[in-house]
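Have a look at the structure below, then the notes.
The values are calculated or read from the model by the stated rules, or taken from the named source; none is laboratory data. No experiment lies behind these values; they were computed from the predicted model shown. Note that we place each Cβ from the backbone using ideal geometry, even for glycine, and neighbour counts take in every protein chain shown. For the accessible areas, the whole protein counts, side chains as well, though only heavy atoms, and no ligand, DNA or RNA atoms are used. Shrake-Rupley method; radii C 1.70, N 1.55, O 1.52, S 1.80 Å.
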Amino acid sequence: MRSLFFALVLSIFATSSQAAGRPNVVVIFADDLGYGDLGCYGSPTIRTPHLDRMAAEGLRFTDFYVAAEVCTPSRAALLTGRYPIRSGMCGVRRVLFPNSKGGLPVGEVTIADALRVRGYKTAHVGKWHLGIHAGSRPLDQGFDQSLGLPYSNDMDARPGLPKGSTGSPNPPRDGWNVPLIRNGKIIEQPTDQTTLTKRYTEEAVAFIREQKTSPFFLYFAHTFPHVPLFASPEFSGRSRAGIYGDAVEELDWSVGQVLETLRSEGLAENTLVFFTSDNGPWLIMGDQGGSAGLLRDGKGSTWEGGMRVPGIAWMPGRISPGVTTELAHAMDLLPTALALAGAPLPSDVTLDGIDLAPLLFQNQSPPDRPFFYYRGDQLFACRLGPWKAHFKTQTGYGQPKPEAFEAPLLFHLGRDPSEKRNVAADHPDVLSAIQNAVTAHQAGVVPGPPQLD
Ligand code: MG
């Protein structure tokens, strides 16, 4: 009885000292994890008990999207709540490279910027990939602290690295010279990638435990399952899906550690955790590439497999367990996080997301709204309700030029989630409604100065 009393007092203390009413926000972002790679999304082989539990306790989205089919623009969109074309974080080069001159413009308002001015402690853990120059780095974009890689783990390959190493089931540990950076300083180079997920997790857990008085925002952007794939010894060789499955199972363990820390610190009911992936699976990597399930194509393409990804929201006691088929996307996270924090939306900024609180907490459907699929700075497709029109298509990798359609392709994503049957001829009214949505959207887009080319 007495221990129960103390537990109660402690939990009240934890909640009140955490400024109840201003919830914490945690975004966990996998890299290149496909729609079909988690148990709760139908993977028959990869074991993800922690994410499955998160989904069972939270709200699992069937129709959650990211704003781009590759890393850099997708990350820019999540953190700013804007289509990447508005920030200039998209282009022919598709992502930032170590020799790129650009990066996320310092004037862009990130979730971290907006929450920090409201008294939140902000931490970045994991892959950044939004620029390595002054103005674009984590500490310039609203984060109090940062630990992670500046870009993808397959960049900065060592001279003479044998072709095919990146997508190998057994990549060389010293094959890439990517640095591990803490608060702007290189602390390890090359990074030992085998223990990266574990070390990221320790950092995230320590950050959560340190926050006793302020609300916090944690942006936890995993390096894996982007190739080259590594897992720590405890996970190597354990999955039925090879090294890809090992990496995903370790990532699942990491999610379990974060959620368990929130529970044990008495913070679970006051913390919104959102899990998603930056783009679909990198299918050209074969067995090291993951799966989009029944969705068509993968990373790099504007077919569903490139941009529809797992999306799970968790906040025990606030979010009722369930599955939603409502359309939502990563650009909704900024308005949602700011609303939870009672922070005003940035002024003079065009946002492309909405506050998901009514859906998350009251099960209210959001208004019907179009979603636009960009590849670089080109609009390739648009979804409205269950319908999706393609104006151009191009497979993720290996097709040099897009195919443009005079008469757009039209698919019904409810009846035909794999986008196999073009029904444009039967639905001219739907196509004209989509065309109107595209025209209205494009009239309001002012492209930002290109950062990637
Ligand atoms: Mg990616």
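What's the number of the condition Glu249 fails, among (1) touching a Phe, Trp or Tyr at 6+ places or on another chain (Cβ under 9 Å); (2) in a loop (DSSP other than H, G, I, E, B)?
(2)
Return yes when Ser87 is more than 16 Å from the ligand (Cβ to nearest atom) and touching a helix residue (DSSP H, G or I) at 6+ places or on another chain (Cβ under 6 Å) and no when it is not.
On the way: more than 16 Å from the ligand (Cβ to nearest atom): yes; touching a helix residue (DSSP H, G or I) at 6+ places or on another chain (Cβ under 6 Å): yes.
Here the answer is yes, as Ser87 does meet what is asked.
Would you point out the residue of segment 279-295, among those that are in a loop (DSSP other than H, G, I, E, B) and more than 12 Å from the ligand (Cβ to nearest atom), that is nearest to Val309 (Cα to Cα)?
We begin by selecting, within segment 279-295, every residue in a loop (DSSP other than H, G, I, E, B); these are 279-282, 289-295.
Next, only the ones that are more than 12 Å from the ligand (Cβ to nearest atom) stay: 291-295.
Values: Ser291: 11, Ala292: 8, Gly293: 10, Leu294: 12, Leu295: 10 Å.
The residue in question is Ala292.
Do you know which of the residues in segment 255-278 that are away from the ligand (no atom under 16 Å from the Cβ) and not in a helix (DSSP H, G or I) is nearest to the chain's Cα centre (by Cα)? Reasoning before the result, please.
If we filter segment 255-278 for residues that are away from the ligand (no atom under 16 Å from the Cβ), which is where we start, we get 255-274.
Adding the requirement that they be not in a helix (DSSP H, G or I) leaves 265-267, 271-274.
On the way: Glu265: 25, Gly266: 26, Leu267: 23, Thr271: 18, Leu272: 15, Val273: 12, Phe274: 9 Å.
Result: Phe274.
Check off (1) under 13 Å from Leu59 (Cβ atoms); (2) assigned to a strand (DSSP E or B) for Leu327 and give me the number that stays unchecked.
It is condition (1) that Leu327 fails.
Can you find even one residue in segment 308-316 that is open to solvent by 40 Å² or more (accessible area, probe 1.4 Å) and more than 20 Å from Tyr83 (Cβ to Cβ)?
Going residue by residue through segment 308-316, those that are open to solvent by 40 Å² or more (accessible area, probe 1.4 Å) are none.
The answer is no, given that none of the residues of segment 308-316 is open to solvent by 40 Å² or more (accessible area, probe 1.4 Å) and more than 20 Å from Tyr83 (Cβ to Cβ).
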